[in-house]
Amino acid sequence: MKQKNMAIFALILILAISGCKGSGSTGKPITNEDVYKGFDGLNIGFTKNAPPDKVFEESIFPIAINLKNKGASDIKDGFLSLGFEEEFINFNEKSSEPIRFEIKGKSTFNPNGDEDFTTANAKTAKRIGSQSETHPSTIFATACYPYKTILGTSVCVDPDIFGTQLRKKSCQSKDLDFANGQGGPVAIIKIETRTFPDQDNERVRPHFILYIENKGSGQVIIPDGNKIRSACTKEKLDFTDFNRIKIKATLSNQELECRLKDEKTSTEVRLRDKKDVVRCTYPESAEGIRRNTDAFTAPLRIEMDYGYTFTISKDIIIEKILKY
């Protein structure tokens, strides 16, 4: 009886330990490193048979879209719009306006991100011409939403830029690669670390060169709520509204000055061919780091705010109702 009780106790202990594990596929607890990984943001897709592959002329059919936030940023004031071939399809009045949505992203408590659905009814508005029995058409769905990419890492700051110190250093300054992204479609791929002397040669200022890329299939929009909404309407956007990102970087809570590599004045990031290089510098307004300071590790945090938009489509066939 004693051995039986011990076996039951051991089984209960094993189940309790298993219940304390995270929900990842490996059974390991989910960490912030797992959350801030990947190049996904919002994913959308038409659900099965909504719309159907084939619909009859002058009939009503459903459209249902699945929304899933697979990135690390919560979405507030996102918009979804539907597009169609106006000559053959129309929607109710509400569907002519973009549908507003909010959906939370990944977290340690919700490693897969939230999921939601939106629905609308459509109607084939016109009979097919007498010379045809079918007509191909396409339904479009466009998502427009604000997003944020956050990178938190540690860097080695070494004021000994000429290598004159003989004592052993606590860390070595090196470039950093980020092949796995930060949980958003816009990502920092690489950081080059540099240190330059002040004019008086008594102090130094760290420089960080950021390689930024749009790794998603959509387009970046300036992080302005009105512009983001306009991208999901028939309102026209200026070309200067695209590929603009607001960036903020801090080193040990000291805000850095970030600017494009070839420009002298502080500016927003403007992607060219879905990528660009940005330089973030220890500001002149702050006291530099003394050259005789030992090398040390410091937290570097980078935030990028932007809007994002992309479109999916579904081909359908409108069939004539045959009366023979």
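Laboratory data are not the source of any read-out in this text; all were calculated from the coordinates shown. On a predicted model such as this, the values are computed, not experimentally measured, just so you know. In this analysis, Cβ positions are derived from the backbone assuming ideal geometry, glycine residues included, and neighbour counts consider all displayed protein chains.
Considering the chain at the alpha-carbon level, its Rg and Dmax are found to be 26.9, 96 Å.
Using the Karplus relation 6.51 cos²θ - 1.76 cosθ + 1.60 with θ = phi - 60°, the per-residue 3J(HN,Hα) values for segment 65-70 come to 10, 8, 10, 9, 8, 9 Hz, with x marking Gly and Pro. Taking the longest Cα principal axis of the chain as reference, the axis of helix 2-19 is set at about 80 degrees. Separation of the alpha carbons by more than 24 angstrom is noted, of 48/215; 190/246; 106/234; 148/215, for 48/215; 106/234. Of the peptides 80-89, 284-293, 233-242, the ranking by mean beta-carbon count within 10 Å, highest at the top, reads 80-89, 284-293, 233-242. Relative protection proxy for 202-208, 179-185, from highest mean packing down: 179-185, 202-208 (other beta-carbon atoms within 10 angstrom). When Rg and the Kirkwood radius Rh are both evaluated on Cα atoms of segment 148-308, their ratio Rg/Rh stands at 1.05. Measuring between their Cα centroids, segment 41-116 and segment 142-187 lie 36 Å from each other. Peptide packing for 48-59, 150-161 was compared via the average number of neighbouring C-beta atoms within 10 Å per residue; ordered from the highest value, the list is 150-161, 48-59.
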